[in-house]
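One structure is given below, encoded as C-alpha cells.
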Amino acid sequence: MAAPLTLLLLVAVTVRAALYRSSLADLISERVEVVSPLTAWKRVVEGLALLDLGVSPYSGDVFHETPLIIYLFHFLVDYAEITFMLADVITAVALYLSVKDYNKQVFRKQKYALEADRYPLDCLELIRSPKEMQYIPLKVAMFYLLNPFTILSCVAKSTCGLNNAVIALFVLSTIKGNVLLSAIFLSLATYQSIYPLTLCAAALLYLLQRQYIPVNLRRFSFWWFVAQYAFMYLGSLFVIVGLSFFLLGSWDFLPSVYGFILSVPDLTPNIGLFWYFFAEMFEHFRLFFLCVFQINVFFYTVPLSIKLKEHPVFLIFMQLAVISIFKSYPTVGDIALYMAFLPVWSHLHRFLRNIFLVSCVLLACSALFPVLWHLWIYAGSANSNFYYAITLLFNVAQILLVSDYFYAFLRREHHLSHGLYLKRKDGSEATLVLK
Amino acid sequence: MRWEETVVEEATADKEDTSAPETVVQSSVPQPKDDFQEELVIRPLHSGDIYASFQFRTLWETDFMRGNKVSHYRLFPKSLGQVISKFSVRELHISFTQGYWRTMQWGQPFLPSPPGAELWVWFQDSVTDVDGTWKELTNVLSGIFCASLNFIDSTNTVQPSASFKPLGIGNVTDHRFLRYATLPREIVCTENLTPWKKLLPCGSKAGLAVLLKSEKLFHSSFHSQAVHIRPVCQDWQCKTTSWELRQTLNVVFDLHTPGQGKLEWSLFKMFSRTLTEACPLASSSKIYIDITDDPQGEQFEVSPATHLLSQAMVLGDRRTFSVYDLTQQITFGTVRSLNLLIRWKSSEGYIHYQPSKDRVRPHLLEMLVQLPPNSVTEVTVQFERALLKWTEYTPDPNHGFYVGSSVISSLVPSIVAMDTNSTREQPLFSSFFPCKEESSYFMRVYTEPLLVNLPTPDFSMPYNVICLTCTVVAVGYGSLYNLLTRSFQIEEPSPGLAKRIANIIRKMRGVPPL
C-alpha cells in the first residue's frame, strides 16, 4: 500500500507545485470562496510586516489568526509553499492511516457479530468484505489530495490547510487510542478556530469504546475518564493560550481572534450563510440572531452523540460536516476535509437517495460562484442577490448530502438488526418510513 | 634629487630658448624643469556608486618640435619620449576602456572615453608619409601597452575634418595630419595596466599609484585608463613650450550589498590599500572629495576630517571639494597611513503606521522620506473596504466612497533669502506659514481624492434574506431532527375513507374495528 500512496503524494505535490509557479496562484489567493478574513495568506504577511514595524498585528482589523501562526511563519515565511504542501501531505497520510485502522476495527467487530449470529440471514449482502475495504484508505487520501477544493486552498496558501492538518492528526491519534495526543491536537484545533470543540464528544465516545468503558452516567469509571480527558484538554489549551500571551506580550489576540469568530463583524462575502444575513439584519435583532446562528453549530452535538454513540467515527464525520456548513467563515478547504471521509461510507451507496441531484447541484454551484461574483463586482450587471442565491443553494446541497449519508447509515443499521427484505403483515414487500 | 643637464644638440639658437631663463626669473613661482603632479578625485554618485579619477601629470621641459634629439629622461618615460621623437608626434591620445559610462545615473565624467580602445594622433607637419608613420606608430604603441593596437589599419582609421581639434597649443588645422582609430572590441586587463603603471615616475611603489591594484580596479562597473601627450605653454606668455603627459584612470565602483543600501566607502574597501606617503618626485599630491551635493555634511561624512576646501569649475558647474594634501605629514596622522572613510548617514526615514479598525478608526500612514533630485518616487498602498451592513450605507451609495487626499508637507529650498522676522509688517498673503529659516520655505501639497465605486447589498431585501437564510438553516435542522428523533418502521397502508369513518363509529360504539 505504500507504493500507491507515495505515487499519489508525488502527483499531488507536482500538481500543487505546478500551480504555484503559474500565474493562477495570485488569482486564486484573491478568491473569496477559497480564503476568508480568518485564513487569507495576505493577512498573515501583513501581520508579519506589522510585527516587524513594531506595531501589534492585532491593532488593526487585518490579522485574525492566532499568535502561534505568526510565530510559525516568522521562521517559515520563505518556505510558505513547502509548508502548505507538507500540511496537505500530513493530512492525507493521517487520514490514510486512521481509516486503515478504523477499517480493521470495523471488520473485527463484524466478525464477532457474525460469529455471534447477530445478523439476520437475509442481510448477508450488507456484510462488508476485506476485498471491498482494501482500497478505501487510498481512496480517502486521493479524495483529499486530488480534490480541486483542496488544491485551490493549498495554492492560495490559506491557513485552512494547517487547520485541516491538525484535525486530521487529532482523528489519527483518537483512532489509534492515544488519549494524550488526542487531547493535545484537539486543543490545538480548538485554539485555532473554536468550533472543533464539538469533536470532544466524539473523541470521548470513541476512546471510551476502545477502552471498554461503558457509557453509563452512573458509573464512576465513565466520569473518571471524562475528567482525565477534560483535564488534559483544558490543560493543553491553557498552556497554548498562555504561550500565545507570552509570545506577543498582551491579551489583545483574544478579542481579535475569538471575538472575531464569534461576533462576525466582517461581512466579506464567502460561501457561508452568515455574511448576507448579517449585512441585511435589522440592528435590533442582530445579537439575537448571532447567538442563534452560533448555537446552531454547537447544538447538534448532544443529539448526534446520543444517536450515534455506537458509531463515534461517523459522529466525527457528521460533526465535521456540521462545522463546515454552519461556521461563521467557511471556505472550500473545510468542505474538502469532510468530503475526504466519503469513501469510508461507500458501502452505503445503495441507500443513498439524492446523491445524483446533490452532486449535480454542487458541481453547478462551484462553477457558478466565480461567474456570478464577476457579474456582481466587476461587470455590475448582476447584484448581490445572485451570489447569495448560489450560496444558499450550495449550502442546501451540502445539507442534503450530509443528511443523505446519515439516512443511509441509519437505514443500514436498521437492516442489519431487522433484516434486509422486510415483509408487511400480509406478506407483501414493505417500505420503510421514518416515523 | 639633483638634476644635471647634459649637452643638448640645438639646431638653431632660438629666441625663445634664450628668453626662457627670463621668464623663469620674471614669474614669482620658480618653475621646476620637470614637474610631476598627482591627484585623485573621489565623487560619490547619486546611484550609490563611487567614482574615482586618478590624474598623473608630467611636464617635460624640452622642445624637439624642431627635430632635436634628446637622450636624457628624468620624470618623463623614455618609451613615450622616443615614440614622440621618432614618429614626430605632436599630440597623442590613447584610451582603454572597459564598460560603458552611464550618464543618466552617474552624471558626466571628467574625461570621457568610448568602450574599447581609442587612439587619435596629430602628427607634426614635417611628416611626409602620414599613413606609413601611423601604421608604425600603432605597432609600437601596441608593444608598449600590450594591447592589440596592431589591428588598427585603414579599415578602422579615419581623418575627422571637424572634430578632434588639437588640445594642446598649435594653430595647425590641416587635417591631413590627424588620424583617429577606435577598436571597440579591445578588452582591458591587467596586462594593459602594468605597462601603464610603469610609465609613472614613482611606478606603483609610492604615492597615489599604490592604490592601483588590478584585482580591485577590474572588479568595477567602469574602468578607463588613458594617456594624453600634448604640448603646452609653460607660462601665460607662451614663450616656451613643454610636453605634458597626462595619465588618467577613471573607475566607478559599485559596492552595493543588496538590502543594505549605501553603507560606507573607504580607500581600503575600494582599492584594498591605504596611502602611506606621497610620491617623493611629485610636487603636488592631493586627494579631492566632491562635497558639492552635501555641503553641510548631512548625507555623508568624510573622515578623517579636513579643513581644506577648494572650489573649481567643472563642466560648467562650480563644485566644492574637500582637499587632502599628501605632501604634508599631518594628513597621515599618527598612524602614518591614510584611509579615507565616507560614511553615508543613515537616513532611514521614519514610518508611522496605524492600521484601521472597522467602524472605529481609519488607516494612518505617515512617512518621512528624503527624495533624490530629478527622480520619481511612487508610493502604493493596497487597501480593502469592507462590505457594510445595509444600515451603514449613506442614502446615495451608488455615488461611491471617498478616500481623502494625501498630504505632502515639505521644506523647499528657496533661491532668495527670506526674512525670518515675523514682527515686521507683511501682507497677509505671504505671512501665513511661519518662516523659520532663511533658505527654505514650507509648502504643503494635497493630492486628488479617490472616489471608489463599491458593490452594495440589495437594500430591498432584508426581510427576504432573513426568511431565506432561516429556511436553509431550518432545512438542515429539519433533516437532522427527522433522522435523530424518528426510527424506521414498516409502513402499513392506511385504509380507505369509508372504512376509517366506519372504524371511528365502531370505536364510539365500543366494537372492535374492521
> Just how far, in whole angstrom, is region B:264-290 from region B:432-455 if you go by their alpha carbon centroids?
Replying inline: 47
> What number comes out for the charge environment of B:Ala417, summing +1 per Lys or Arg and -1 per Asp or Glu over other residues with Cβ under 11 Å away?
Replying inline: -3
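Arrange the peptides B:322-333, A:114-125 so that the one whose residues have, on average, the most other Cβ atoms within 10 Å appears first. Mind dumping the intermediate values first?
Working: B:322-333: 15.5, A:114-125: 11.2.
Answer by packing, highest mean first, reads B:322-333, A:114-125.
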>> How large is log10 of I(q)/I(0) for region A:106-263 at q = 0.19 Å⁻¹ when the intensity is taken from the Debye formula with one equal scatterer per alpha-carbon?
In response: -1.25
> Which net charge results when you count Lys and Arg as +1 and Asp and Glu as -1 among the other residues whose beta-carbon is under 14 Å from that of A:His349?
Replying inline: +3
>> With θ taken as phi - 60° and the coefficients 6.51, -1.76 and 1.60, list the Karplus ³J(HN,Hα) couplings across region A:286-292 in order, rounded to whole Hz; mark glycine and proline as x.
In response: 4, 5, 4, 6, 4, 5, 4
>> Counting C-alpha atoms alone, how compact is region A:1-52: give Rg to one decimal and Dmax as a whole number, in angstrom.
In response: 15.4, 46
>> At a 10 angstrom cut-off on C-beta neighbours, averaged per residue, how do the peptides A:181-193, A:209-221, B:284-296 rank from highest to lowest?
In response: A:181-193, B:284-296, A:209-221
>> Under the rule of at least 5 residues apart or a separate chain, name every residue whose amide H is placed under 5 Å from the amide H of A:Tyr119.
In response: none
> Tell me, what does the Kirkwood hydrodynamic radius of region B:168-284 come to in angstroms if you use every pair of distinct C-alpha atoms?
Replying inline: 17.4
> GNM, chain A, Cα, under 10 Å: largest mean-square fluctuation among A:Ala279, A:Ala340, A:Ala201?
Replying inline: A:Ala279
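Evaluate the relative contact order of region A:260-355 (contact order divided by residue number), counting alpha-carbon pairs under 8 angstrom at least 6 apart; express in whole percent. List each step's numbers first, then the result.
Values: 64 pairs, mean separation 30.4, N = 96.
Over region A:260-355, the number comes to 32 percent.
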> Short version: ³J(HN,Hα) in whole Hz for each residue of region B:432-445, in order, from phi by Karplus 6.51 cos²θ - 1.76 cosθ + 1.60 (θ = phi - 60°), x for Gly and Pro, what are they?
Replying inline: 7, 7, x, 9, 9, 10, 6, 9, 8, 10, 8, 9, 10, 10
> Any idea how far the Cα center of region A:20-56 sits from the one of region A:209-233, in Å?
Replying inline: 42
> What residue among A:Val264, A:Val13, A:Val239 has the largest mean-square fluctuation in a Gaussian network model of chain A, using Cα springs under 10 Å?
Replying inline: A:Val239
> According to the square roots a ≥ b ≥ c of the eigenvalues of the Cα gyration tensor, what is the shape class of chain B, taking rounded for a/c under 1.5, prolate for a/b larger than b/c otherwise, and oblate for the remainder?
Replying inline: prolate
> Given 5 Å bins starting at zero, what is the percent of C-alpha pairs of region B:417-487 in each, up to the one with the largest pair distance?
Replying inline: 3, 10, 10, 8, 5, 5, 5, 4, 4, 4, 4, 5, 6, 6, 5, 5, 4, 3, 1, 0
> region B:341-476: Rg/Rh from Cα coordinates, Kirkwood Rh?
Replying inline: 1.20
> Cα convex hull of region A:52-154: mean projected area in nm², to one decimal?
Replying inline: 10.6
>> Would you report the distance distribution of C-alpha pairs in region A:199-338 as whole percents per 5 angstrom bin, up to the bin with the largest distance?
In response: 2, 9, 13, 15, 16, 16, 14, 9, 4, 1, 0
> Whose amide H sits under 5 Å from the amide H of A:Arg353, counting only residues 5 or more places off or on another chain, with H placed in the peptide plane?
Replying inline: none
>> Over the Cα atoms of chain A, what radius of gyration and what Dmax do you get, in Å?
In response: 22.6, 81
> Which value at 222 nm does chain B reach when only helices count, each DSSP H run of 4 or more adding -39,500 (n - 2.57), with the total divided by all residues and rounded to the nearest 500 deg cm²/dmol?
Replying inline: -5500 deg cm²/dmol
>> If you only keep lysine pairs separated by 8 or more in sequence, or across chains, how many in region B:148-285 come under 25 Å at the Cα atoms?
In response: 15
> Roughly what angle does helix A:2-21 make with the longest principal axis of chain A, taking Cα atoms, 0 to 90 degrees, to the nearest 10?
Replying inline: 30
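Report, please, the projected area of region A:371-433 averaged over directions, based on the convex hull of its C-alpha atoms, in nm².
Numbers: hull surface 25.6 nm².
Dividing the Cα hull surface by four gives the mean projection, 6.4 nm².
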>> Let me confirm one metric for peptide B:355-364, namely the mean number of other chain beta-carbon atoms within 10 Å of its residues' beta-carbons.
In response: 4
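Using alpha-carbon pairs under 8 Å, 6+ residues apart, how would you state the relative contact order of chain A in percent?
Details: 501 pairs, mean separation 87.0, N = 435.
Contact order relative to length: 20 percent.
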> A:Gln211 versus B:Phe459, label points 7 Å from Cα toward the beta carbon: distance in nm?
Replying inline: 6.1
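From largest to smallest, what semi-axes in whole angstrom does region B:451-514 give when each is the square root of 5 times an eigenvalue of its alpha carbon gyration tensor?
On the way: eigenvalues 563, 56, 17 Å².
After diagonalising the Cα gyration tensor, the semi-axes are 53, 17, 9 Å.
Please list, by residue number, every one of the trypsin sites (Lys or Arg not before Pro) in region B:458-514 that is coil in DSSP and has at most 12 other beta-carbon atoms within 10 Å. Walk me through the numbers before you get to the answer.
Working: sites: B:Arg486, B:Lys499, B:Arg500, B:Arg506, B:Lys507, B:Arg509; in loops: B:Arg486.
Here the trypsin sites (Lys or Arg not before Pro) that fit, given the DSSP loop and packing criteria, are B:Arg486.
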> Once the Cα atoms of region A:283-361 are picked out, what are the Rg and Dmax in Å?
Replying inline: 15.1, 49
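If you average the sequence gap of Cα pairs under 8 Å that are 6 or more apart and divide by the length of chain B, what percent do you get for the contact order? Show your work: numbers first, answer last.
Working: 760 pairs, mean separation 65.9, N = 514.
Relative contact order, chain B: 13 percent.
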> Regarding region A:194-246, what are the three Cα extents along the principal axes, ordered largest first, in Å?
Replying inline: 41, 20, 17
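Within 10 Å of each Cβ in A:50-56, how many Cβ atoms from other chains are there, averaged over the peptide?
Partner Cβ neighbours, averaged per residue: 2.
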>> List the residues, sorted by chain then number, that are 5 or more residues from B:Leu341 or on another chain and whose placed amide H is less than 5 Å from its amide H.
In response: B:Ser303
> If you average 1/r over all unlike Cα pairs in the protein assembly as shown and invert the result, what Kirkwood radius do you get in angstrom?
Replying inline: 37.0
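Once the piece of chain linking B:Thr471 and B:Arg385 is laid out straight, how much longer is it, given 0.36 nm per residue of separation minus the C-alpha distance between them?
28.0 nm
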>> Given axes a ≥ b ≥ c from the Cα gyration tensor, I'd like to know whether region B:159-200 is rounded (a/c under 1.5), prolate (a/b larger than b/c) or oblate.
In response: oblate
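What ratio of Cα Rg to 2.2 N^0.38 Å holds for region B:270-315?
Values: Rg = 13.4 Å, N = 46, 2.2 N^0.38 = 9.4 Å.
Ratio of Cα Rg to 2.2 N^0.38 Å: 1.42.
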> In a shell of Cβ-Cβ distance under 15 Å around B:Thr380, excluding B:Thr380 itself, what net charge do Lys and Arg (+1) and Asp and Glu (-1) give?
Replying inline: -2
> How many Cβ atoms of partner chains, on average, are near each residue of B:477-485 if near means within 10 Å of its Cβ?
Replying inline: 6
>> Between region B:156-175 and region A:310-376, what is the separation of their alpha carbon centroids in Å?
In response: 88
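Bear in mind these aren't lab numbers, they're just calculated from the coordinates by the rules spelled out. In this text the structure is predicted, and so the values were computed from the model without any measurement. Cβ: placed from backbone, ideal geometry, glycine included. Neighbour counts: every protein chain shown.
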